[in-house]
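First the structure, in the form of structure tokens, and then the observations on it.
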Amino acid sequence: EIVLTQSPGTLSLSPGERATLSCRASQTVTSTYLAWYQQRPGQTPRLLIYGASSRATGIPDRFSGSGSGTDFTLTISGLEPEDFAVYYCQHYGIAPPCTFGQGTKLEI
Amino acid sequence: EVQLVESGGGLVQPGGSLRLSCVASGFSISTYEMNWVRQRPGKGLEWVSYIDGSGGAMFCADSVKGRFTSSRDNAKNSLYLEMNNLRAEDTALYYCARDYFDASGTAFDIWGQGTLVTVSS
């Protein structure tokens with residue numbers, strides 16, 4: 001089973017700054033199967049990025065994903081107040097199981 | 001509006017059973033694979049189970065294998081999670097989530113609001 005490790009655990013930044021969140025897989029994964037989600041406090045998770053770099057419908061272009069192999073990155077350029085949330089990476093391949101990283105909390 | 005609505009959560013004693021439901025609106029679940037994901041209080045996301053479009057293939061996480069079963073009734077546009085022999089560590093908010101895939105990748109694109117299961121004596 002693939003294990004995803006996210007870093008840092010908590011990231012403290014200010015509105016307008018750039019956030020860089022990391023997700024490292026325990027073995028090489030296909031980029032097609034790597035996704036990122038945002039979860040605001042008290043809300044349901046929201047798909048941001050899938051296929052490592054494709055933005056989901058309605059996601060602002062300040063969110064971007066990159067990476068390959070075992071190292072993937074979510075970048076948020078020009079943080080807005082509503083971006084302060086917890087972010088999860090996910091590996092979901094051609095067959096279960098699906099795994100999530102432990103999350104990165106982005107705080108002001 | 002495309003939407004998933006879960007129900008059936010509640011307080012149950014250890015060893016007890018519960019059946020969660022997830023009703024879809026705005027789309028037909030018959031053409032989608034579906035999943036259950038849970039989130040323990042204050043913790044991260046944990047995938048629980050997957051079921052294919054016909055209900056012919058179902059997989060569960062090792063932590064619930066042999067105790068949880070996912071099923072679906074496409075005619076009712078509904079997904080179910082049968083949970084038996086519940087343990088305190090099953091206490092969580094349970095979400096149903098829709099599979100999405102295209103040429104770029106796969107993910108869970110639609111999530112319900114969740115239903116809370118509390119296992120306690």
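The values are calculated or read from the model by the stated rules, or taken from the named source; none is laboratory data. These numbers come from a predicted model, not from an experiment. Cβ placement follows ideal geometry from the backbone for every residue including glycine, while neighbour counts extend to all protein chains displayed. Areas reflect the complete protein model, heavy atoms only, side chains present, ligands, DNA and RNA absent. Shrake-Rupley method; radii C 1.70, N 1.55, O 1.52, S 1.80 Å.
Structure notes:
- For the stretch B:44-121 versus the stretch A:9-58, the gap between their alpha-carbon centres in whole angstrom: 22 Å
- Viscosity 0.890 mPa s, 25 °C: Kirkwood-radius Stokes-Einstein D of chain A over Cα pairs, µm²/s: 180 µm²/s
- If you run the Gaussian network model on chain B, springs between alpha carbon atoms under 10 Å, then out of B:K76, B:K65, B:K43 the most flexible one is B:K43.
- Close amide-amide hydrogen proximity is noted between B:T106 and A:L34, A:G51, each under 5 Å apart and 5 or more residues distant or on a separate chain (H modeled in the peptide plane; Pro and chain starts excluded).
- Here the translational diffusion coefficient of the protein assembly as shown follows from Stokes-Einstein with Rh set to the Kirkwood radius across Cα pairs; for 10 °C and 1.306 mPa s it amounts to 89 µm²/s.
- Isolated cysteines of chain A, defined as having no other cysteine beta carbon under 4.7 Å away, are A:C98.
- Percent carbon-and-sulfur accessible area, chain B, ignoring ligands, DNA and RNA, probe 1.4 Å: 50 percent
- For the stretch A:1-54, accessible area per residue (1.4 Å probe, heavy atoms of protein chains only), Å²: 47 Å²
- Backbone HN-Hα couplings from phi across the stretch A:34-43 [Karplus 6.51/-1.76/1.60, Hz, Gly and Pro as x]: 10, 10, 10, 10, 10, 10, 7, x, x, 10
- Estimated at the nearest 10 Å², the accessible area of B:R19 is 120 Å² with a 1.4 Å probe.
- Amide H contacts of B:F68 (H built 1.01 Å from N, under 5 Å, at least 5 apart or other chain): B:N84
- Amide proton proximity set for B:G16, modelled H, under 5 Å, gap of 5+: B:L86
- Choice from B:G26, B:G55, B:G15 with maximal GNM fluctuation in chain B (Cα, 10 Å cutoff): B:G26
- Those residues of the stretch B:69-113 for which accessible area with every protein chain present is at least 50 Å² below the isolated value (1.4 Å probe): B:S104, B:T106, B:A107, B:F108, B:W111
- Solvent-accessible area buried by A and B, counting both chains, probe 1.4 angstrom, square angstrom: 1700 Å²
- Burial of accessible area (probe 1.4 Å, heavy atoms of protein chains only) in the stretch B:44-60, relative to its chain alone, reaches at least 40 Å² for B:L45, B:W47.
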